[in-house]
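K.L.:
Let me begin by handing over the structure; questions about it come next.
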Amino acid sequence: MMRSLLFAGAGRADLVAKLPGTDADAVVIDLEDAVPEGEKEAARGELPGLVASAAGARVMVRVNGAATRWFEADVEAAVALPIAGVVLPKAERPEEVAALAARLGADLELVAGLESARGVVAAEELLAAGATTGYFGAEDYIADLGGRRTAAGLEALYARSRVALASRLAGVPCLDQVVVDFRDDAGFAADAEAGRAFGYRGKLCIHPRQATLANRAFGATPEELARARALLDAWERAAAAGVGAISFDGQMVDLPAVRMARDTLERAG
Amino acid sequence: MMRSLLFAGAGRADLVAKLPGTDADAVVIDLEDAVPEGEKEAARGELPGLVASAAGARVMVRVNGAATRWFEADVEAAVALPIAGVVLPKAERPEEVAALAARLGADLELVAGLESARGVVAAEELLAAGATTGYFGAEDYIADLGGRRTAAGLEALYARSRVALASRLAGVPCLDQVVVDFRDDAGFAADAEAGRAFGYRGKLCIHPRQATLANRAFGATPEELARARALLDAWERAAAAGVGAISFDGQMVDLPAVRMARDTLERAG
Amino acid sequence: MMRSLLFAGAGRADLVAKLPGTDADAVVIDLEDAVPEGEKEAARGELPGLVASAAGARVMVRVNGAATRWFEADVEAAVALPIAGVVLPKAERPEEVAALAARLGADLELVAGLESARGVVAAEELLAAGATTGYFGAEDYIADLGGRRTAAGLEALYARSRVALASRLAGVPCLDQVVVDFRDDAGFAADAEAGRAFGYRGKLCIHPRQATLANRAFGATPEELARARALLDAWERAAAAGVGAISFDGQMVDLPAVRMARDTLERAG
């Protein structure tokens, strides 16, 4: 369950140290967008201290993209530390996701960013290649297309919808886009409700207040919990009886549906 | 032509008996969503009487999905009765549509529901596999994604658009989503106009009032009729002259375009 | 760079003669939608005089679609004249785009119209087959689907988004939909801003006022110029050093991205 994933730049030790005290379900120390080119190596060098200072939280590290010259060293530094997972931005090739997943093994999470033309087009394959969670990055997607973000956000609606569909097809929960203005609580809450309606399971956050709001928005309703429980019951009864295929609510139940139902159950609290 | 397809649950003999008196172009006795699990067999047993009581209408039966344990017996019961067609909910695999189409033969209609992640993704193939009409089910689609329906409906816009496109590509007219609040005439009329704008040819209805409103919304305009007539004229002249391929309005005319034009002509009234 | 592409019908010599005096980045003498069936040959006969009267402008000719009986003669007439390029409406098959591109050679531009169900579905392949620019035609697309245009335009949002994505994937700049009411300056400006947000690089225009407005809307911002310059710098440094693959802003840089960046640089003025 990851209703809120809260980012802090690797250059902001003050913010990183505050991450464990927030409501965020998981937190990210960011080596990518938050760190200028000239400071990448220095930021990586600070990583052990930063991870230590965030201890107590479910800590992830966002490495630089697989196509960059920092990627290898970033991953090496991250996996040597007591972290919960790695965030891979701008995923575009299923092979790069699969290779990173193999390297992380079963104990570390892999959050894949779908935030470019090619990433959105290949979203289902990228998620299915080994991601445990995905996210849709509207700012980078629209920049890649040469467009501009607007308040209404219709320019990102197609990609946001397509990633939500890919999330269900792959059975990998996805997190919704950033709200840049972190002082606009009402705007964040409305955008979270919208993302929830699309089928997103949580939201990228850039301020502790947003994490609190995201947790509120992405809890499951009693009806959703009941539906998920019934689906999992049917699935487990079938498995116990040695039945290969079952239906639920008129549809064949596939493994992705089972994974999504398990994610829903974890939202009970 | 199916501007309005009006549903009544198989458990509601009172409503089924009223179907012939409504304005609906076609009506459905529903064995699926309207019937709880424990009452499926009983409802099927009532089918002969229900179909008889709906005589005079163009009567269809919605069977349970192809993945369910009720499907086979539902179809068997339905095709033994004097019905106009079968509605297959939650279609996901072209083979299941093709098999049912073969079983129904040329005299019975087959309405395929596109209302799940996999159904929307495969919409064109599903329609082309033998459906005579399709429909987009927003409620089930969004539930399958783990999302929520909102009044504005942006969460379903992508899938609603994609099914409308698939409808044209396959040359199979499709019906638009349900409006759950059957007392909201203005809301229904607005949603019908929207569906009409997307290219839908009719609408699922859950109340006789909605059927009347749908018929009003989905009639063809004089311009649309003229365009359809001109396309069919060009097509028939070419066929008479033994010409294999023709263009209309600057585009190559394909068989799907011809089928859609015929559907438009039937809306003349 | 083509922020504005201004159309005048081949039957309107008076309007064609005024094209060089407008602000339009490029202009089109239209043999297709603007000319009724019975006048196609006569309009083609006027082409030499029309092209001469538009001298001084970057003049293109919109021929009739590749599936029509006028296409061959239209292209032959157009390429014999001192024009800048050809506009191919309702492109649907990559082979037809490739064949026309081969015929036009490197010196003439080829603008491909994506304005039908099949054209939108194949947008990336059509653009990549040899188009130098593309455009999205909402009116024809929605007519092909049997839908209707509305003021809000949600019925075209999916296709408009999909063509913008295809534009980036193919690295071929695309122009956005027509605004039919040419007296509505505010409506045009708003629609141009929206298209700009989606990633479109310019707009189809049907009146000189629209060309002026489009030029204003589709200029690049200082940030966009800086991003494009940095990407091209990285690309050229890598080429000079014999490095095959580079990343920019965390993503692998592909040739389409380079082409789009060059297009952005040309908008500096």
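K.L.:
So in segment A:179-205, with the set limited to residues that are surrounded by 22 or more Cβ atoms within 10 Å (Cβ to Cβ) and touching a residue at least 40 places away in the same chain (Cβ under 8 Å), which one is nearest to B:Ala138 (Cα to Cα)?
P.N.:
A:Tyr200
K.L.:
In addition: Would it be correct to say that B:Gly147 is under 30 Å from A:Pro173 (Cα atoms), touching a Phe, Trp or Tyr at 6+ places or on another chain (Cβ under 9 Å) and not acidic (Asp, Glu)?
P.N.:
Yes.
K.L.:
While we're on this one: Take the conditions modelled with pLDDT under 90, assigned to a helix (DSSP H, G or I) and over 24 Å from B:Val178 (Cα atoms) and apply them to B:Ala226. Does it pass? Spell out the reasoning first.
P.N.:
Working: modelled with pLDDT under 90: no; assigned to a helix (DSSP H, G or I): yes; over 24 Å from B:Val178 (Cα atoms): yes.
Spelling it out, it is not the case that B:Ala226 is modelled with pLDDT under 90, assigned to a helix (DSSP H, G or I) and over 24 Å from B:Val178 (Cα atoms).
K.L.:
Among the numbered criteria (1) of a type outside the set (Phe, Trp, Tyr); (2) under 30 Å from A:Gly187 (Cβ atoms); (3) more than 21 Å from the chain's Cα centre (by Cα), which single criterion is violated by A:Met252?
P.N.:
For A:Met252, the failing item is (2).
K.L.:
Within segment C:209-221, track down each residue that is away from every other protein chain (no Cβ under 13 Å) and either open to solvent by less than 10 Å² (accessible area, probe 1.4 Å) or modelled with pLDDT under 90 (or both).
P.N.:
Those that are away from every other protein chain (no Cβ under 13 Å) and either open to solvent by less than 10 Å² (accessible area, probe 1.4 Å) or modelled with pLDDT under 90 (or both): C:Gln210, C:Ala211, C:Ala214.
K.L.:
Could you list all residues from segment C:140-186 that are more than 9 Å from chain B (Cβ to nearest Cβ), polar (S, T, N, Q) and not in a loop (DSSP other than H, G, I, E, B)?
P.N.:
C:Ser167, the sole residue that qualifies.
K.L.:
Is there a residue being over 30 Å from B:Thr150 (Cα atoms), assigned to a helix (DSSP H, G or I) and open to solvent by less than 10 Å² (accessible area, probe 1.4 Å) anywhere in segment B:249-259?
P.N.:
Yes; the residues of segment B:249-259 include at least one that is over 30 Å from B:Thr150 (Cα atoms), assigned to a helix (DSSP H, G or I) and open to solvent by less than 10 Å² (accessible area, probe 1.4 Å).
K.L.:
Let me ask another. Spot the failing condition for C:Ala228; the list is (1) at the interface with chain A (Cβ under 10 Å from one of its Cβ atoms); (2) in contact with a Gly (Cβ under 7 Å, 6 or more places away or on another chain); (3) closer than 27 Å to C:Phe136 by Cα, and only one is missed.
P.N.:
Failed condition: (2).
K.L.:
What single numbered condition from (1) touching a strand residue (DSSP E or B) at 6+ places or on another chain (Cβ under 8 Å); (2) open to solvent by less than 20 Å² (accessible area, probe 1.4 Å) fails to hold for B:Ala67?
P.N.:
(2)
K.L.:
Name the residues in segment C:126-139 that are surrounded by fewer than 24 Cβ atoms within 10 Å (Cβ to Cβ) and away from chain B (no Cβ under 14 Å), would you?
P.N.:
If the condition is that a residue be surrounded by fewer than 24 Cβ atoms within 10 Å (Cβ to Cβ) and away from chain B (no Cβ under 14 Å), then C:Ala128, C:Ala129, C:Gly130, C:Thr132 are the ones that fit.
K.L.:
Within the bounds of segment A:60-70, is there any residue that is at the interface with chain C (Cβ under 9 Å from one of its Cβ atoms) and at positive phi?
P.N.:
Scanning segment A:60-70, I find no residue that is at the interface with chain C (Cβ under 9 Å from one of its Cβ atoms) and at positive phi, so the answer is no.
K.L.:
Then there is this: Can you tell me which residues in segment C:93-125 are open to solvent by less than 10 Å² (accessible area, probe 1.4 Å), in a strand (DSSP E or B) and not aliphatic (A, V, I, L, M)?
P.N.:
C:Gly113
K.L.:
Still on this structure: Please determine, by comparing only the residues of segment C:79-92 that are closer than 20 Å to C:Gly56 by Cα and open to solvent by less than 30 Å² (accessible area, probe 1.4 Å), which one is nearest to the other protein chains (Cβ to nearest Cβ). Break it down into steps so the answer makes sense when it comes.
P.N.:
Applying the first criterion (closer than 20 Å to C:Gly56 by Cα) to segment C:79-92 yields C:79-87.
This time we only want the ones that are open to solvent by less than 30 Å² (accessible area, probe 1.4 Å), so: C:83-87.
Numbers: C:Ile83: 20, C:Ala84: 22, C:Gly85: 19, C:Val86: 15, C:Val87: 12 Å.
Per the stated criteria, the residue is C:Val87.
K.L.:
Report yes if C:Glu266 is open to solvent by 60 Å² or more (accessible area, probe 1.4 Å), touching a residue at least 60 places away in the same chain (Cβ under 8 Å) and either under 24 Å from C:Gly202 (Cβ atoms) or assigned by TED's automatic domain parsing to the domain that holds C:Thr132 (or both), otherwise no.
P.N.:
It is true that C:Glu266 is open to solvent by 60 Å² or more (accessible area, probe 1.4 Å), touching a residue at least 60 places away in the same chain (Cβ under 8 Å) and either under 24 Å from C:Gly202 (Cβ atoms) or assigned by TED's automatic domain parsing to the domain that holds C:Thr132 (or both).
K.L.:
Here is a further query. When you scan segment C:95-124, how many residues do you find that are more than 14 Å from chain B (Cβ to nearest Cβ) and not β-branched (Val, Ile, Thr)?
P.N.:
14
K.L.:
Additional query: So which of A:Gly153, A:Gly119, A:Gly147 ends up being out of contact with any strand residue (DSSP E or B) (no Cβ under 6 Å at 6 or more places or on another chain) and at positive phi? Talk me through it step by step, then tell me what you get.
P.N.:
Working: A:Gly119 fails: at positive phi; A:Gly147 fails: at positive phi.
Testing whether each residue is out of contact with any strand residue (DSSP E or B) (no Cβ under 6 Å at 6 or more places or on another chain) and at positive phi leaves just A:Gly153.
K.L.:
Do we have C:Leu108 as in the same structural domain as C:Ala10 (by TED's automatic domain parsing), in contact with a strand residue (DSSP E or B) (Cβ under 6 Å, 6 or more places away or on another chain), free of Cβ contacts under 8 Å to residues at least 40 places away in the same chain and closer than 28 Å to C:Ala192 by Cβ here?
P.N.:
yes
K.L.:
A further question on this structure: Return the only residue of C:Glu41, C:Glu76 being surrounded by fewer than 21 Cβ atoms within 10 Å (Cβ to Cβ) and within 28 Å of C:Met1 (Cα to Cα).
P.N.:
Answer to the selection: C:Glu76.
K.L.:
Give segment B:143-156 a look and list any residue that's hydrophobic (A, V, I, L, M, F, W, C), without any contact (Cβ under 8 Å) to a residue 24 or more places away in the chain and surrounded by 23 or more Cβ atoms within 10 Å (Cβ to Cβ), or say none.
P.N.:
Listed by number, the list holds a single entry, B:Ala156.
The values are calculated or read from the model by the stated rules, or taken from the named source; none is laboratory data. For clarity, every value in this text was computed on a predicted model and none was experimentally measured. Using ideal geometry, Cβ is built from the backbone for each residue, glycine included, and neighbour counts are taken over all protein chains shown. Accessible surface is based on the protein model in full, side chains and every heavy atom, while ligands, DNA and RNA are left aside. Shrake-Rupley method; radii C 1.70, N 1.55, O 1.52, S 1.80 Å.
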